[in-house]
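To start, the structure under review is shown below, and the notes come after it.
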Amino acid sequence: MAFSGFDLHPDLLKGIDEMGFEKPTPIQKEAVPEALKGRDILGSAQTGSGKTVAFALPALHRILSGNRESGARVLVLTPTRELAAQIEDTFKQCCQFTKLRCLLVIGGESMGRQISEMHSTKGLDVVIATPGRLLDHLRNTRGFDLKGVETVVLDEADRMLDMGFLPDVSRILERLPRNHQTLMFSATIPPEIENLVSRFLKDPLRIEIDPPRKPAEGVIQKIYPVTQVQKYGLLHALLDRAEVRSSLVFTSTKKRADIVAGSLRTKDIPAAVIHSDLSQSKRKESLESFRDQKVEILVATDIAARGLDIRHVSHVFNFDVPLYAEDYLHRIGRTARAFTVGDAITLMGPDERPPMESIERYLKMTIERCALDGFDYDVPPRLSASKKSSASSRFRLPRRSSRRGKKGFF
Ligand code: AMP
């Protein structure tokens, strides 16, 4: 089927056409017609599935087909500033042939500028926000409210839970008019999210696309066993190979991201870094320089693991094995975007064997162990996956829902 099969406002169809999309992705096929009927949706779909367009189209259609009133009619809540900026970009493209206006309300940027945009005489139709800053405005900015909101989108709800945003999200939802439609997307549905669903969604249609246990087909995964000390040298050597172009290097903590980027720079390998301790302007600058290919390497915490859509990433390196299989999937999903291929390479220290084997069990696959020819290993790497080591059989993946609950982890 084509997009023209949806009962969408012609200006939105023109926008989609201009974006070059020929046919809807599976989540769009399932969600758009039901959302157009006004139904609440609970979608579990991976990033990269096209879910942003799946919620943007019905939300924008509803504004265009209603009476033009003042005040925001669509509210999108998302966990990170980078995702918010990416969503804003998609909304703007979808509504490029309309007069609708979108406003980004995120932390780290001037409140004053956001306030003047809120009060602009040109009006305001869509607010795309991270929860903390939005709540600041709702409490402190005179004349700004969400009384006109008709559609609310909760994007990456489970990530908002992980980052400790759920209380803020609930406070925001409590301030909305009763009769709004809610479109919620969450890769996993832990009990806290189920609770949010039962409090705020009305008989939602549940849509599950691609259970998130499967990496994209084009991702070639490899594990390089190495001691923790030699990880830096091995990363330099791997990055030095000709086929390695744009690379994302994930670390488990912000401090480690800084150390890894610093170690690359001492080897004259320019690297940008992104994590939540950096100012918003620095985060933006790092992301843009990587997106524009001014630097080939971006060292990141899991803040960049979800949703970021950068086509030219040829390699993802896990400098540390992530503790959660879902994080592993999100990280490696940053390469092989849009049906291309890419490499996902994990540097596995001896202490990281149990969590890595847990991830393999979760994915139901054994990932090839490799050694880099010519690299001077202090300890010869073990290249076979243990069938059942006592350590790994004891290791259990922690439950995501019980983790963190603290802002600024990334
Ligand atoms: P998302 O899951 O929203 O992050 O979307 C991932 C990528 O898919 C983005 O680069 C979108 O521009 C792209 N995309 C969304 N819908 C379509 C479509 N119908 N056909 C082709 N690409 C799409």
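The values are calculated or read from the model by the stated rules, or taken from the named source; none is laboratory data. The structure displayed is predicted, hence computed values, not measured ones. With ideal geometry, Cβ positions are generated from the backbone for all residues, glycine too; neighbour counts draw on all protein chains shown. SASA here: full protein model, heavy atoms, side chains in, ligands and nucleic acids out. Shrake-Rupley method; radii C 1.70, N 1.55, O 1.52, S 1.80 Å.
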**Fill in**
Taking a probe of 1.4 Å and leaving out DNA, RNA and ligands, region 3-209 shows per residue an accessible area in Å² of 41
**Asked** For the Cα atoms of the chain, what angle does the longest principal axis make with the long axis of helix 51-65, in degrees from 0 to 90, nearest 10?
**Response** 10
**Prompt:** Between LYS23 and SER281, what is the label-to-label distance in nm when each label sits 7 Å out along the Cα-to-Cβ direction?
**Reply:** 4.8
**Request:** Report the calculated FRET efficiency for ARG241 and SER120 (r = Cβ-Cβ distance, R0 = 56 Å), to the nearest 0.05.
**Result:** 0.65
**Accessible-area composition of the chain, carbon plus sulfur, in percent [1.4 Å probe]** = 50
**Fill in**
Long-range amide H partners of THR366, meaning residues 5 or more apart or on another chain whose placed amide H is closer than 5 Å, are none
**Prompt:** Do the alpha carbons of any pairs in LYS122/LYS147; LYS14/LYS294; LYS14/LYS282; LYS51/LYS92; LYS23/LYS214; LYS23/LYS222 sit beyond 25 Å of each other, and which pairs?
**Reply:** LYS14/LYS294; LYS14/LYS282; LYS23/LYS222
**Asked** By average Cβ neighbour count within 10 Å, what is the ranking of 180-186, 21-27 from highest down?
**Response** 180-186, 21-27
**Prompt:** Measuring from centroid to centroid over Cα atoms, what is the spacing of region 61-98 and region 160-208 in Å?
**Reply:** 19
**Prompt:** Tell me, what is the percent relative contact order of the chain, built from C-alpha pairs under 8 Å that lie six or more residues apart?
**Reply:** 18
**Prompt:** Expressed in nm to one decimal, what extension gain is obtained for the pair LYS37 and CYS370 from 0.36 nm per residue of sequence separation less their Cα-Cα distance?
**Reply:** 114.7 nm
**Request:** Multiply the residue gap between TYR377 and LYS255 by 0.36 nm, knock off their C-alpha separation, and tell me the result in nm, one decimal place.
**Result:** 41.4 nm
**Item:** Full-stretch length increase - ASP351, SER4 - with 0.36 nm per residue and alpha-carbon distance subtracted
**Value:** 119.5 nm
**Fill in**
Interchain or sequence-distant (5+) residues whose placed amide H lies within less than 5 Å of the amide H of ILE207 are LEU42, GLY43, SER44
**Request:** Go through region 25-39 residue by residue and turn each phi into a ³J(HN,Hα) via Karplus (6.51, -1.76, 1.60, θ = phi - 60°); whole Hz please, and just put x for glycine and proline.
**Result:** 6, x, 5, 5, 4, 7, 7, 4, x, 6, 5, 5, 7, x, 6
**Request:** Might you tell me the accessible area per residue for region 250-375, computed with a 1.4 Å probe and given in Å²?
**Result:** 40
**Request:** Sort PHE97, PHE290, PHE165 by accessible area with a 1.4 Å probe, largest first.
**Result:** PHE97, PHE165, PHE290
